[in-house]
Amino acid sequence: MLSFEVIEFDLSNIVKNVENNILNWSKGNLENREAGKRERGREESREELKNCPELKKTK
């Protein structure tokens with residue numbers, strides 16, 4: 001039979017692993033959101049350049 005200390009240690013490790021997984025998941029989501037914002041900004045800039053009247057005059 002496992003002692004209380006061993007069970008407590010195992011549970012402590014499980015909690016630490018879950019906390020780390022949540023932190024990594026949150027960090028990944030934040031990085032993905034930021035990357036998405038940058039990409040949307042690039043797309044908007046490309047569209048603005050396509051529709052820029054000054055550029056159309058020079059073509």
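Values quoted throughout were computed directly from the atomic coordinates according to the rules given, and no laboratory measurement underlies them. Just so we're clear, the structure is a prediction, and the values are computed from it rather than from any experiment. Glycine also receives a Cβ, built like all others from the backbone with ideal geometry; neighbour counts cover every protein chain displayed.
Listing for the model above:
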{"item": "Stretchable slack from ASN17 to GLU54, in nm (0.36 nm times residue separation minus alpha-carbon distance)", "result": "7.7 nm"}
{"item": "3J(HN,Hα) from dihedral phi, the range 16-23, Karplus parametrisation 6.51/-1.76/1.60, rounded to Hz, x for glycine, proline", "result": "4, 5, 5, 4, 5, 4, 5, 4"}
{"item": "Answer label for semi-axes √(5λ) of the Cα gyration tensor in Å (calculated), chosen among (1) 43, 14, 4; (2) 32, 17, 10; (3) 56, 5, 4", "result": "(3)"}
{"item": "Point-to-point label distance, ASN24-SER3, nm (Cα→Cβ direction, 7 Å offset)", "result": "3.1 nm"}
